[in-house]
1. Could you grab me the full set of residues in segment 227-250 that are small (Gly, Ala, Ser), assigned to a loop (DSSP other than H, G, I, E, B) and under 15 Å from residue 57 (Cβ atoms)?
2. Scan 182, 116, 157, 111 and give me the residue that is β-branched (Val, Ile, Thr) and within 22 Å of residue 255 (Cα to Cα).
3. State yes or no: is residue 253 modelled with pLDDT of 95 or more and outside any helix (DSSP H, G or I)?
4. Anything in segment 262-284 that is touching a strand residue (DSSP E or B) at 6+ places or on another chain (Cβ under 9 Å) and either in contact (Cβ under 8 Å) with a residue 60 or more places away in the chain or basic (Lys, Arg) (or both)? List them, or say none.
5. Among the residues of segment 161-190, count how many are of a type in the set (A, V, I, L, M), over 23 Å from residue 212 (Cβ atoms) and open to solvent by 20 Å² or more (accessible area, probe 1.4 Å).
6. Within segment 279-307, count every residue that is open to solvent by 20 Å² or more (accessible area, probe 1.4 Å) and small (Gly, Ala, Ser).
7. Please go through segment 235-259 and give me each residue that is farther than 20 Å from residue 159 by Cα and open to solvent by less than 40 Å² (accessible area, probe 1.4 Å), ordered by number.
8. Being under 17 Å from residue 152 (Cβ atoms) and open to solvent by 10 Å² or more (accessible area, probe 1.4 Å) is the filter here, so list the residues in segment 201-230 that pass it.
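The values are calculated or read from the model by the stated rules, or taken from the named source; none is laboratory data. Please read these numbers as outputs of a predicted model, since none were measured by experiment. Don't worry about glycine lacking a Cβ; one is built from the backbone with ideal geometry, like all the others, and counts go over all protein chains shown. These accessible areas exclude ligands, DNA and RNA; they are computed on the full protein's heavy atoms, side chains included. Shrake-Rupley method; radii C 1.70, N 1.55, O 1.52, S 1.80 Å.
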Amino acid sequence: MSYVLTGTRPISAATRTRVLAAMTELGYEPNAMARGLATRRSRIVGLLMPMDERGLGATETAFVTGAAAAASTAGYHLVLSPVGAAEDLGVLRRLATQGMFDGVVLMEVQVEDGRVAALQEARLPVVLIGRTGDTAGLSYVDIDFEQTVHDAVDHLVGLGHRRIVYVNHSADAIAAGYGPAVRTREAFRAAMAGHGLEPVMIAAEDSAAGGRAALSAAVAQVPDLTAVLAMNESAIFGILGELAIRHRAVPGDVSVVSMVTSPQVAELAHPALTAMTSPGAALGRIAMEALLRQLEGAARDHHQQLLPCALEVRGSTGPAARRVAPTGSGPPGT
C-alpha cells in the first residue's frame, strides 16, 4: 500500500487498481503527518501577517479567504501565522527551519523588510502580497497604488473638487516604510500635481480617534476643503463622525472616498462610502496559486503582478460645494 501512496517504487496498473479499490472499500484515509514524513512535504502553507488588537476586518479577511480557497483546491492546508516585522525575525526563522510549512505567503510588506531576507536565507518558498523596494528575484502580487490613487483623484476632480486632503496611515507606518502608505503618498502627490493642485496629506493613527484627530488637523490646514481621500479604513468612521460634529454634510459640503476598502465596510457608513474597492480575494488567490506553482515545480519564472482597486461610487461623493459655510471650520460653540 505504501508504494501506491508514495510512488517510491514502480507498481503495475492492475496492482494499483486493486489496492485503491481495497482502500475505498475499507474507508482508508492516508495520515497526513505520516505521508509528510515519507515525502518530506507537509502540504501545509503559511499566510504570515502582523496582527494587533483590531484583529481581522472584512477587508483583511478577503485576502485570507482567497488564499485559503486556492490552497484547499490544490489539497493544501493554510495556517495563518501572526508574524510581524523586525521584532519577530527570531520567530520567523524558527518557523522557516522547522519544516512545518512547505512555503509561505507574506503580507503587510515594508519597502525594506527583513522577513523577506530571512525566508530567502532559509530557502523557504515565498510569495509576497505587497512589494519591497527591490523586487528582483521575488514573486509578488500587489495593489497598483499609483493607478488606484490617480483614479480616486480623477473622480473627485471630475466632480469639481480642488481642495482635496489625503488621510494616510500613521506617521510611524510611513517612517517604517510600510509599502501602501509610502506608495500612496507619492502617488497622491503625482496625481494632484497632474491637475495643478496642491497635495495636502495628513497622517492618522489606525483608529476612529485617529480619524477624528486627522480631520481636525485637515480643517486647520485647509479650512475650505471639499473632499477627503482616506487610505486608513480604521480611521474612516472617525473622519465621518468629526465631519458630522462640525456640521459639514457628506457629500453636500465634503465628499469622502475610502481607499482599499471592502464593499461590506463601505456599506456600513451613512451615506454609504464611495470606495476604491480592494481586490483582496483575487490577490490572496493569485499569490497562493503562484506559491503552489513553485512547490509543484511548475513555475518557470517569478510571478509579478499589480491589480488596481475598482472605483465604486456610492453616496459619499458629489459635486463640490461652491463654498463652505463660515461656521463649518470648527465644532459648535467654538
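1. Scanning segment 227-250 gives 234, 235.
2. It is 157.
3. For residue 253, the condition - modelled with pLDDT of 95 or more and outside any helix (DSSP H, G or I) - is met.
4. Across segment 262-284, the qualifying residues are 262, 265, 274, 276, 278, 279, 280, 282, 283, 284.
5. Number satisfying all stated conditions: 3.
6. 5
7. Passing the criteria: 235, 236, 238, 239, 241, 242, 246.
8. The answer is 201, 202, 226.
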